[in-house]
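Taking it in order: structure first as structure tokens, then the write-up.
The values are calculated or read from the model by the stated rules, or taken from the named source; none is laboratory data. These figures come from a predicted structure and were not determined experimentally. Because the Cβ atoms are built from the backbone with ideal geometry, glycine has one as well, and the counts that use them run over all protein chains shown.
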Amino acid sequence: MTKKARLNPEFPSLGSDWKPRNLQRSDSELSLHQRAYATTVKGQVEELLARYGKIDLLWFDGKPPIADGDKCITIERIRELQPGIVINPCLHGRGDFVTHMRRLTTNAVATGWTDFCNMSFL
């Protein structure tokens, strides 16, 4: 079916961003954890883009909860590995279309494609 429609599979899983709510870390422990997290995200995205054929869309589900999370992997590196890929703006703050997460905003002006993602948590 996907070959006939020329669609490629999407892989929604990236590094775990959860942690126990009562976990207390020192600054040095937090720094080590954040570096390891960034390395994991970069490795997973690079493996996906380099080893699984053509990927049409890369959808990030937000910025990792670390300092400079948008630098885990750059848009330039993503496009180097997958020219022509469509990227949502959730990781880097910019992408190939505007995404309104949970609410429409008046200051986000779409110049091309736009997406509205309304998630309901019951």
Subset of the stretch 39-62 [closer than 28 Å to S28 by Cβ and surrounded by fewer than 16 Cβ atoms within 10 Å (Cβ to Cβ)]: T39, T40, G43, E46, G62
Identify, from the list K3, K42, K19, K71, the residue that is basic (K, R) and at pLDDT 80 or above. K42
Does the stretch 75-88 hold any residues that are over 16 Å from Y52 (Cβ atoms), out of contact with any Asp or Glu (no Cβ under 8 Å at 6 or more places or on another chain) and touching a residue at least 12 places away in the same chain (Cβ under 8 Å), and which are they? I75
Tell me, yes or no, whether the stretch 45-63 has at least one residue that is modelled with pLDDT under 65, within 25 Å of P89 (Cα to Cα) and part of a loop (DSSP other than H, G, I, E, B). no
Can you work out which of the residues in the stretch 84-109 that are at pLDDT 80 or above and part of a strand (DSSP E or B) is surrounded by the most Cβ atoms within 10 Å (Cβ to Cβ)? I87
Any residue in the stretch 31-59 that's among the β-branched types (V, I, T): show its pairings with residues that are in a helix (DSSP H, G or I) and surrounded by 13 or more Cβ atoms within 10 Å (Cβ to Cβ) at Cβ separation under 9 Å, as long as the two are six or more apart or on different chains. V41/G69; V45/R77; V45/I78; V45/L81; I55/L48; I55/L49; I55/L81
